[in-house]
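The values are calculated or read from the model by the stated rules, or taken from the named source; none is laboratory data. Source: prediction; values computed, not measured. As a convention, Cβ positions derive from the backbone with ideal geometry for all residues, glycine included, and neighbour counts pool all protein chains shown.
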Amino acid sequence: MGGGAITNPGRYLVLIPPINGGTASTGTVFTENPGQLYKAWDGSITFDTMPSQFFTFRIEANYRYANVPYFSGSGGVTPPGGGNGAGGALGSPVDGFSPDLRNSETRITAAFLVKL
């Protein structure tokens, strides 16, 4: 089991979501300005089993929450047809597209490790 939390008063520690290929230098609709609070927390639980010294099976469940929309929803963060340059990265509408950002995210991950 594990978890964590962050409180960041200017979002300067937060990675910018890659909306339409946007980066810290091109900008996105997610800004990092002084006074823009970002609070988030997460929790996870993991189960591993090792039937032999060469195989590991893992299943992990994660839940993450932020006070502002940050996580990619089912609509994604890239317009239909792919990235459309810096204009889209800055959040200008492309064929009515708006990034689907959510306040929370739940994931279940399964993995199989083979050691040779």
query = Could we say that residue 91 is surrounded by 14 or more Cβ atoms within 10 Å (Cβ to Cβ), more than 30 Å from residue 115 (Cα to Cα), out of contact with any Ser or Thr (no Cβ under 7 Å at 6 or more places or on another chain) and at pLDDT below 70 here?
reply = no
message = I'd like to check something: does the stretch 60-67 contain any residue that is at pLDDT 90 or above and over 19 Å from residue 102 (Cα atoms)?
response = yes
task = Scan the stretch 37-76 for residues that are in a loop (DSSP other than H, G, I, E, B), surrounded by 12 or more Cβ atoms within 10 Å (Cβ to Cβ) and either in contact with a Leu (Cβ under 7 Å, 6 or more places away or on another chain) or not aliphatic (A, V, I, L, M) (or both) and jot them down.
result = 67, 69, 70, 73, 75, 76
ask   = Could you list, in sequence order, the residues of the stretch 35-64 that are within 23 Å of the chain's Cα centre (by Cα) and in contact (Cβ under 8 Å) with a residue 40 or more places away in the chain?
value = 43, 44, 45, 46, 58, 59, 60, 61, 62, 63, 64
inquiry  = Pull out all pairs, ordered by first then second residue, where Cβ-Cβ is under 9 Å, the residues are six or more apart or on different chains, the first lies in the stretch 96-109 and is of a type in the set (A, V, I, L, M), and the second is surrounded by fewer than 14 Cβ atoms within 10 Å (Cβ to Cβ) and part of a strand (DSSP E or B).
reply    = 108/59; 108/61
inquiry  = Is it the case, given these coordinates, that residue 11 is surrounded by 15 or more Cβ atoms within 10 Å (Cβ to Cβ), charged (D, E, K, R) and assigned to a loop (DSSP other than H, G, I, E, B)?
reply    = yes
Among the candidates 49, 106, residue that is at pLDDT 95 or above, more than 22 Å from residue 14 (Cβ to Cβ) and not charged (D, E, K, R) = 49
